[in-house]
Structure formats: C-alpha cells, structure tokens
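Peer 1: I have a structure here, written as structure tokens, and I will follow up with some questions on it.
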Amino acid sequence: MTSRRLRVGFVGWPAHPVFLEAAGADPALEVVRMPLDADPAEVLAFLQGCDGYYTMAARDDLPAAYHLGEELLAKLPNLLLAVSYGAGFDTVDVPACTRAGVGVVAQVGGNANGVAEHALGMMLTLFKRIPQAQAALRAGTLASREDFLGRELAGRTVGLIGLGHVGMRVARLLGAFGCPVLAFDPLLDEATCAGRGARKVDLPTLLAQSDVVSLHCPLNATTRGMIGAEAFAMMRPGALFVTTARGWIHDEAALLAALDSGHLAGAGLDVWEREPPRAGYALLDHPCVIASPHTAGVTEESRSRVARMAAEAFSALAAGEVPPRLVDPSVAETLMRRRAEILGG
C-alpha cells in the first residue's frame, strides 16, 4: 500500500507561526485548521478526518468538549498522535490515549529557559517588594523608603520541588547568587541532583529549611494537592512561595490563609486553579502576591522552539519513525502498527 500524507488538525490558533512554517515545509504533512467558535458537530467531523491532533496545552484555553479523553477518543478511531502546544498536556488523558493506541507528545524542555527566568524574576521581585513600592508611588502614599525594606536573594536557601528541565535551569541561575539549593524529586538520585546543582532532600526537610519554595513538577495523581495547609505550616516564617508549574498542586485557600496570617511573606503565582482567575479574587488581589496569567513560558524564543518541536514530532510519525518525547513510551509499538494500517507504506 502506498503511504499517504499525515493529516494534522488544530482547533483555534497555532502556538506560534513557526509551526505552520515548519509543518508546511514537510511534503508528508497536511495541516488543516478549524475555528475555535465553529459548531461542535463541525469540529467533531473535522477531527474525525485527522490523523494528528495539535492541541492546546492549558485546560482553560480549550473547550472541554475538545479535550482528548475517553469520550472524544471513542469518536476518533483513526487518530494516531496528539501533540501538545507546550511542555504540559492538561487537555489530554494520557492513559486513555495509550489504551486507544494513540501517542501523546509534549514539548518537554522547549520552554524551560523562559519558565526558569520567570521563576527567578518572581523571587527577586518579591524579596525587593517592588509591587508594594510601586503601588505606593502610584497612589501618592509613600511616606518613607524604609517602609519597603527589602531582602536580598544572595545566599538564601531555595527549595525546588522538581528538578527536571525547568528546575535544573533555576538551580543554575541561583548559583550566580550563591544560593544553596535543595531539591525534592523522587525520580532523581543524589548524584543526579548534585550534578544539576542541588542537594537531594525529602519534602519536610525542604519546606523547613528553605527561604523560598518554588514548584517545578507536573500535575498528576501524586502531586495534586501536595502543597496544602500542613505543608505551608512547615515552611519557615517569612518564607516565599513561587509556582510556575500547574494549578491544583498547591491549595489556594491554604496559601491565602498562610499569607493573611503573616506566616509567609509573599507568593509569586503564574498558575491557578481557574485560569485566568476571576477579577476580585482574594489571592489575586493580595498585596503580598505577584501574579501572571500562565505566561512564564510565553516568550518569543520559547513559543518558537516548542512550535518547531511539535512540527518535528508529526514529521517523524509521517516518516515512519517513533515520535520523540512520547509521554508514555509504552504506546510506541501499538502506535506504529496502527500507523501502518491507517496511513499505509
């Protein structure tokens, strides 16, 4: 049987124009688009004609009906590969895809520099109390510069929960400030952590000994709700909490309570349980919180990089190769068998 082109569809807009450029340069790919506001029945029929699904990564960016779970998978018997816009894959049920023989690819590491710089920027901004000082200047209420006495990051202990692509880059950046770095990452041994610039510890030790706790782990069954009231209570008085990971890993109500009580001095939040958080939300409006709308990895460099990586994943499958960065590598054999049956060649 002669192999045909791999048809790749996406709903809405691509993560970056580079995706269209890179995918368009591969004659083995056909890329098609459906508007986000199209009729759901039309979108379903569109996806049923696609071999690949280029899907948004953040859960609140994409209507739930287009999240790739059991229900949608049952309607897409010919789908071969789902490729996320970014390093995360909140819109995809990976175990369900594996059971269906559908590969899932995430662009792990593609936005790591941008996210790491964002986390560091939040730490520096919180220590120097820049938002509070700016607010006083704008309101004309500044009485004394000493009212905004800051602290220095240099030499302070920073605890990183997760020491993967982003976490290890944060550790390297912190090295320039002479910061001792602790890491809690059950997937890594002591030697690997040391090679990435951190000392491996358990979670209670990290929480108790860190001046800053920064999250860099994925959201999954193990990490959901991992940082709650008990964890915040274990942190040092006056410590900072920063997350550029995913909402639902930390308990927002418990964090608000820790800030209101004065136990924690501040928080830098790029991710939320609801994205974006609603106007007037207490945590969003808290004077000791700096906030961003899940934009840590939204840089020109990061978006361009992950878009090219996504196109390359589709190209690999079209060429008869196992795509790189499969979230669940165990699906590879079934995926490639289904590819031969559906595409031929």
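Peer 1: Taking only pairs six or more apart or across chains, which ones have beta-carbon atoms under 6 Å, a first residue in the stretch 272-286 that is open to solvent by less than 90 Å² (accessible area, probe 1.4 Å), and a second residue that is assigned to a helix (DSSP H, G or I)?
Peer 2: Here the result reads Glu273/Glu252; Glu275/Asp60; Pro277/Leu284; Ala282/Leu256; Leu283/Glu252; Leu283/Leu256; His286/Leu259, each pair linking the stretch 272-286 to a residue that is assigned to a helix (DSSP H, G or I).
Peer 1: Continuing with the same structure: Can you go through Leu259, Leu317 and tell me which one is modelled with pLDDT of 95 or more, assigned to a helix (DSSP H, G or I), open to solvent by less than 30 Å² (accessible area, probe 1.4 Å) and within 30 Å of Val213 (Cβ to Cβ)? Step through it out loud before you land on a result.
Peer 2: On the way: Leu317 fails: within 30 Å of Val213 (Cβ to Cβ).
Checking each option against the conditions leaves just Leu259.
Peer 1: What's the total number of residues in the stretch 220-236 that are within 16 Å of the chain's Cα centre (by Cα) and surrounded by 18 or more Cβ atoms within 10 Å (Cβ to Cβ)?
Peer 2: Total satisfying the criteria: 1.
Peer 1: Out of all the residues in the stretch 182-225, which are within 15 Å of Phe241 (Cβ to Cβ) and in contact (Cβ under 8 Å) with a residue 40 or more places away in the chain?
Peer 2: Leu203, Leu206, Leu207, Gln209, Ser210, Asp211, Val212, Val213, Ser214, Leu215, His216, Cys217 - these are the residues of the stretch 182-225 that are within 15 Å of Phe241 (Cβ to Cβ) and in contact (Cβ under 8 Å) with a residue 40 or more places away in the chain.
Peer 1: Give me a count of the residues in the stretch 237-256 that are open to solvent by 50 Å² or more (accessible area, probe 1.4 Å) and touching a residue at least 24 places away in the same chain (Cβ under 8 Å). I'd like the intermediate steps shown before the answer.
Peer 2: Let us first name the residues in the stretch 237-256 that are open to solvent by 50 Å² or more (accessible area, probe 1.4 Å), namely 237, 248, 251, 253.
Cutting the leftovers down to touching a residue at least 24 places away in the same chain (Cβ under 8 Å) gives us 237, 248, 251.
Qualifying residue count for the region: 3.
Peer 1: Exactly one condition in (1) under 23 Å from His165 (Cα atoms); (2) open to solvent by less than 40 Å² (accessible area, probe 1.4 Å) is not met by Val322; state its number.
Peer 2: (2)
The values are calculated or read from the model by the stated rules, or taken from the named source; none is laboratory data. Because the structure is predicted, anything quoted here is derived from the model rather than measured. All Cβ positions, glycine included, derive from the backbone under ideal geometry; neighbour counts span all protein chains shown. Accessible surface areas use protein heavy atoms only, side chains included; no ligands, DNA or RNA. Shrake-Rupley method; radii C 1.70, N 1.55, O 1.52, S 1.80 Å.
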